[in-house]
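Taking it in order: structure first as structure tokens, then the write-up.
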Amino acid sequence: MTTDTLSDDAFIRYSRQIMLEEMGEQGQLALNNAKVLIVGAGGLGSAAAMYLAAAGVGLLVIADDDEVESSNLQRQVIYRETDVSLNKAQAACDQLLALNPLMRTRAVKANLAGFQLVMEVQQADIVLDCSDNWATRYAVNQACYQHQTLLITGAAIGWQGQLLAFDFRQISPCYQCVFPLHNEASPQDQNCRSNGVMGPVVGIIGTLQALNAIKAITGIGDVGVGLLQQFNGLTGKWQQVSVDADSGCPVCGQQDQREVG
């Protein structure tokens, strides 16, 4: 559902960002009319979802098949003790509506894959990959490429964080260009359960995913497409590396023959 005017309640709620010269009422309307898919409602998805909901994104679709565990609460700050044993996607949606009743949510209580993943990607303006495993990351990347959907992906483990954005509406590298899948064998997953993680590092990356989504929706600022950004929580330092499309990539290697834009 799209609108061309803001309600009085919305104007008051979002007044501090509407005041920004770059944003204004038109930027807020763009957020209000946007549909964002968040794949994974863990630490990254928690931070990203809360800031996107607070900013007034019109529809957030949250996908996760896991249940909230007590050990999640150290970093997955969208949840409360009373959410333990509940489905993460549904619990997250409930918390987002409590934060901002002016926006809409939809919970997908599934590990997105196959046709269901494709359908959700097709309906989204932007996809945030907040998952914690290689298989999902590769699948989301391929679906976003096929349907020319902007993808913002994040990861965090230990004290390290990582941020990438790919705009498949134009010629762009993809996730598999940066992290090739060799011989059809996925790299070994490293996740918080097996390796540990510092909570604020996850929050930093998830919040930046939300910021980049807001910038992409409103057309404000630089989203950092094709830029691998790595954060070291121990030193507080960032490293940035530009990445190029791989002509031999099995996902996007023939994109020069695809109509984009």
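The values are calculated or read from the model by the stated rules, or taken from the named source; none is laboratory data. Remember, predicted model here, so these are calculated numbers, not experimental data. Neighbour counts run over all protein chains shown; Cβ positions are idealised from the backbone, glycine included.
For this structure, a couple of remarks:
- If you go through region 1-45 and pick out every residue that is assigned to a loop (DSSP other than H, G, I, E, B) and among the β-branched types (Val, Ile, Thr), you end up with 3.
- Selected residue (criterion: farthest from Lys88 (Cα to Cα)) from residues of region 125-138 that are among the hydrophobic types (A, V, I, L, M, F, W, C) and surrounded by 22 or more Cβ atoms within 10 Å (Cβ to Cβ): Ile126
- Restricting region 99-128 to residues that are part of a helix (DSSP H, G or I) and polar (S, T, N, Q), the residue that is farthest from Tyr51 (Cα to Cα): Gln116
Condition check ((1) touching a Ser or Thr at 6+ places or on another chain (Cβ under 9 Å); (2) acidic (Asp, Glu)) across all residues:
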position: Leu60; (1), (2): yes, no
position: Glu69; (1), (2): yes, yes
position: Gln74; (1), (2): no, no
position: Arg104; (1), (2): no, no
position: Leu112; (1), (2): yes, no
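- Restricting region 107-116 to residues that are surrounded by 16 or more Cβ atoms within 10 Å (Cβ to Cβ) and without any contact (Cβ under 8 Å) to a residue 60 or more places away in the chain, the residue that is nearest to Cys177 (Cα to Cα) is Asn111.
- Candidate set: region 28-51, residues that are more than 27 Å from Gly161 (Cβ to Cβ) and not aliphatic (A, V, I, L, M); chosen: the one surrounded by the most Cβ atoms within 10 Å (Cβ to Cβ): Asn32
- Neighbours by Cβ (under 6 Å, 6+ apart or cross-chain): first from region 18-30, closer than 17 Å to Gly58 by Cβ; second part of a loop (DSSP other than H, G, I, E, B): Gln28/Tyr14
- For region 106-123, the candidate set comprises residues that are among the aliphatic types (A, V, I, L, M) and in contact with a helix residue (DSSP H, G or I) (Cβ under 9 Å, 6 or more places away or on another chain); within that set, the residue that is nearest to Ala213 (Cα to Cα) is Val121.
- Filtering region 197-217 to residues that are crowded, with 21+ Cβ neighbours inside 10 Å and either assigned to a loop (DSSP other than H, G, I, E, B) or without any contact (Cβ under 8 Å) to a residue 60 or more places away in the chain (or both) leaves Val201, Leu208.
- Residue match in region 82-98 (condition: in a helix (DSSP H, G or I), acidic (Asp, Glu) and either modelled with pLDDT of 95 or more or within 23 Å of Ile205 (Cα to Cα) (or both)): yes
- Against the list (1) within 25 Å of Ala155 (Cβ to Cβ); (2) in contact with a strand residue (DSSP E or B) (Cβ under 8 Å, 6 or more places away or on another chain); (3) surrounded by fewer than 20 Cβ atoms within 10 Å (Cβ to Cβ), the condition Ala54 fails is (2).
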